[in-house]
Amino acid sequence: MNQQYIYVSFEYDYDSRAKLTFCEKKNQTYRIYLNNCNAYGGKGGFTNRKTEGDGKTPIGIYHIISGFGTEQAEKVKIPYVITDNGQVWVDDPESKYYNTMQQGDGKGKWKSAEKLNIPAYKYALVIGYNTNSPVPYGGSAIFVHCMTDNPYTEGCIAIKEKDMHCLISNIDVNKKPIIIIDSIEKIKRKYEEWKDAGDK
């Protein structure tokens, strides 16, 4: 069975700079869609103790669960929402809608939410971080999205628009895509372990 992997590797956990590789494993071979393209993580770097508003990107292995964007991507094979009708992502830890996509101003259901009709979200993928029974203050709105002029994000992963277009046009929910965010050394070790296992 095919499976897709997104590897995000960083050299220093306090630095926003990273590299992203997107590949698909089929039997004993890998198809590489993106290889070590430039990426940015959070302005506070990377952490395994993510909290709301810390400006850091969570380390770990997560599912890619859906996509959204201000424009329709080509050949989309994952649940995808065009954010042209007032959609927001709730980042209020006290709200029962915390870390979910909603619509409108909430009318008291939440105190804060992130607008999704911005240039960085021309194309975006939702990382399944703290999405299953979200823990309040555990962190929210963690996406892979398009780069802006800033050399960092507030906790997401950002890549160039052309790379994001490639990613979202080839990601396939049926291939159970996961994203692995960790140091270069650990990513290399994980990759070699999976590759060796597939070669046996």
Please work out how much length the chain gains when fully extended from Asn174 to Lys111, using 0.36 nm per residue of separation minus the C-alpha to C-alpha distance, in nm with one decimal. 19.1 nm
Roughly what would the spin-label model give for Gln3 and Arg31, points 7 Å off Cα along C-beta, in nm? 1.8 nm
Which length gain, in nm to one decimal place, applies between Asn132 and Glu11 when the Cα-Cα distance is subtracted from 0.36 nm times their residue separation? 40.6 nm
Looking at [x] 16.4, 57; [y] 15.7, 49; [z] 26.8, 83, which value of Rg and Dmax of the Cα atoms in Å comes from a calculation on the structure shown? [x]
Trypsin sites (Lys or Arg not before Pro) restricted to the stretch 49-93 and DSSP loop, no more than 14 other C-beta within 10 Å: Arg49, Lys75
So, relative contact order of the stretch 3-199 in percent, Cα under 8 Å, 6 or more apart, is 29 percent
Over 32 Å between Cα atoms, which of Lys96/Lys160; Lys25/Lys160; Lys107/Lys176; Lys111/Lys162 qualify? Lys96/Lys160; Lys107/Lys176; Lys111/Lys162
³J(HN,Hα) across the stretch 43-60 via Karplus (A = 6.51, B = -1.76, C = 1.60, θ = phi - 60°), whole Hz, x for Gly/Pro? 5, x, x, 10, 8, 9, 9, 4, 9, 4, x, 7, x, 10, 9, x, 7, x
Based on DSSP, what percent of beta bridges with both residues in the chain are antiparallel, to the nearest 5? 70 percent
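The numbers here are math on the coordinates, done by the rules we state, and not lab data. Note that this is a predicted model, so its numbers are computed, not measured. In this analysis, Cβ positions are derived from the backbone assuming ideal geometry, glycine residues included, and neighbour counts consider all displayed protein chains.
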